[in-house]
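Visitor: I'd like to ask some things about the structure below.
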Amino acid sequence: KKVLMTLFKAISITKEEQAEMKAKTSIGEMLTEIQSDSAKHALIDTLALVAGADGVFEDEERAFITKIMKRLQINPEEHPYFQDGGNLDIKTVRANVKQILESVKAASQA
């Protein structure tokens, strides 16, 4: 929750925008709105940040992120945080928090 609140603050998401996100009925519906490659990668980076926040990459998190990556046509083996058979490199994610937040902010302004 802290990670998401920090993320919302970093990219200046308004309360109205947060309400719009909550109103979406499915993940698939939300994903259709993500068009640019930078936004797609920013989403995956954000999911990596959230998944690694507690220091453990759970099977449910892996399944969810893998499903999202497939829908966005991103190969986990080619992503810098998910290379080793789809495992999350939590150490690398934590080392890049500032970079992830900056990429999300840039993608949200594009």
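Visitor: Considering only region 77-95, state which residues are over 14 Å from residue 45 (Cβ atoms) and open to solvent by less than 90 Å² (accessible area, probe 1.4 Å).
Guide: Passing the criteria: 85, 86, 87.
Visitor: In region 48-62, how many residues are touching a residue at least 24 places away in the same chain (Cβ under 8 Å), loosely packed, with under 10 Cβ neighbours inside 10 Å and farther than 12 Å from residue 90 by Cα?
Guide: Result for region 48-62: 0.
Visitor: Filter region 66-103 down to the residues that are hydrophobic (A, V, I, L, M, F, W, C) and in contact with a Gly (Cβ under 8 Å, 6 or more places away or on another chain) and list them by number.
Guide: Those that are hydrophobic (A, V, I, L, M, F, W, C) and in contact with a Gly (Cβ under 8 Å, 6 or more places away or on another chain): 88, 90, 93.
Visitor: Oh, and also: Somewhere in region 33-47, is a residue in contact with a Lys or Arg (Cβ under 8 Å, 6 or more places away or on another chain), surrounded by 12 or more Cβ atoms within 10 Å (Cβ to Cβ) and at pLDDT 90 or above?
Guide: Taking every residue of region 33-47 in turn, none turns out to be in contact with a Lys or Arg (Cβ under 8 Å, 6 or more places away or on another chain), surrounded by 12 or more Cβ atoms within 10 Å (Cβ to Cβ) and at pLDDT 90 or above.
Visitor: Which residues, counting only those in region 77-110, are in contact (Cβ under 8 Å) with a residue 60 or more places away in the chain and in a loop (DSSP other than H, G, I, E, B)?
Guide: The answer is 110, and nothing else.
Visitor: Next question, about the same structure. Hey, among the residues in region 13-32 that are in a loop (DSSP other than H, G, I, E, B) and open to solvent by 80 Å² or more (accessible area, probe 1.4 Å), which one's modelled with the lowest pLDDT?
Guide: 25
Visitor: Taking region 63-75 only, how many residues are assigned to a helix (DSSP H, G or I) and either open to solvent by less than 30 Å² (accessible area, probe 1.4 Å) or in contact with a strand residue (DSSP E or B) (Cβ under 7 Å, 6 or more places away or on another chain) (or both)?
Guide: 3
The values are calculated or read from the model by the stated rules, or taken from the named source; none is laboratory data. Remember, predicted model here, so these are calculated numbers, not experimental data. Because the Cβ atoms are built from the backbone with ideal geometry, glycine has one as well, and the counts that use them run over all protein chains shown. In case anyone asks, the SASA skips ligands and DNA or RNA and just uses the protein heavy atoms, side chains included. Shrake-Rupley method; radii C 1.70, N 1.55, O 1.52, S 1.80 Å.
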